[in-house]
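Only the coordinates and a few stated rules stand behind these numbers; no lab work does. Everything quoted here is computed from the prediction, not taken from an experiment. Every residue, glycine as well, gets a Cβ built from its backbone with ideal geometry; the counts of neighbours run over all protein chains shown.
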Amino acid sequence: MPVSVVLLFCFAAAVIALFVGFRVQLTRSREGKILAFVALFALPVMAAWTGFSEQMDRATSTQFCLSCHVMSDFGKTLYIDDPSYIPARHFQNNRIPRDHACYTCHTEYTMFGGVKAKARGLQHLWVQYIRGAPKPEAIKLYQPFPNSECLHCHLGARRFEEGSAHNKVPDLLSRVKANKLSCVSSGCHEFVHDVASLKDDTFWKEKQ
Amino acid sequence: METVERKIRWASFLIGAGLLVQLAALWIVHPLAFMGFLMIGCPLVLAGIVMYLLSLIHEKGPEAR
């Protein structure tokens, strides 16, 4: 649903609810009771639900993740003009949806992956506003990046399964699939969000 | 004004305030807006709805009046 519709719906629901509050004597009649039910139950539930669903969707957007100052350098790494940088390569070539770039790679594709990501987001808010945010280069993952996030898209892809680099060693692919050999920290695809070296990097400028 | 009407009025103000907070939170894309939506907007709307439903329970039927 477009945001403008959600905003309009919320506004209309608020106006109708307040109207009933200012003209409460209307609720003495049968029609007034129906109006009160719609204004004070049906519409608020629907408006809150559409707003909630919009907020949950928005919380997965790149704009949302990068709205905290500490994350802006991580956003810049998506534009590094070097294909050896995995996030940049994925972002610039539309291998991930650009408007949901962070969430696509940093959520677990499990039943409660989304819930866990939201819980971590709350923790990040606590760190950002209460405990004090660390420097961008000091930010690390809670645990090594799991291969399952990469395999979510790459598993079964011809280039992944049959690529020469992935078949140099006989058991390499099976170790990758079993998460025994990390895609990003084993020396194969190690250039990720290298925020410390940003000042030396050149950046891709998208043609309009 | 009857007690029930007073409750309905309070319920409508709570819901209206909650929805306006939600509206403001939807205007901005920021984690704090998200938290405002969840921690202020939603509880206000929920409190208003509960108050309205309670007013229905406590309303006297025509025979009792």
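Miscellaneous remarks
- Contact order relative to length of the range A:76-208, as percent, for alpha carbon pairs under 8 angstrom and 6 or more apart: 35 percent
- Lysine-lysine proximity count for chain A, Cα under 21 Å, sequence distance 8 or more or distinct chains: 12
- For the range B:4-60, the spread of Cα positions along the three principal axes, ordered from largest to smallest, is 46, 13, 9 Å.
- Averaged over A:33-43, number of beta-carbon atoms from partner chains that fall within 10 Å: 4
- Assigned charges on the beta-carbon of Lys, Arg, Asp, Glu; chain A dipole about Cα centre (debye): 660 debye
- Top of B:Val45, B:Val29, B:Val21 by mean-square fluctuation, Gaussian network on chain B, Cα under 10 Å: B:Val29
- Estimated 222 nm signal from helices in chain A, with DSSP H stretches of n ≥ 4 weighted -39500 (n - 2.57), rounded to 500: -13000 deg cm²/dmol
- Its residue count N sets the reference 2.2 N^0.38 Å, and the alpha-carbon radius of gyration of the protein assembly as shown equals 1.38 times that reference.
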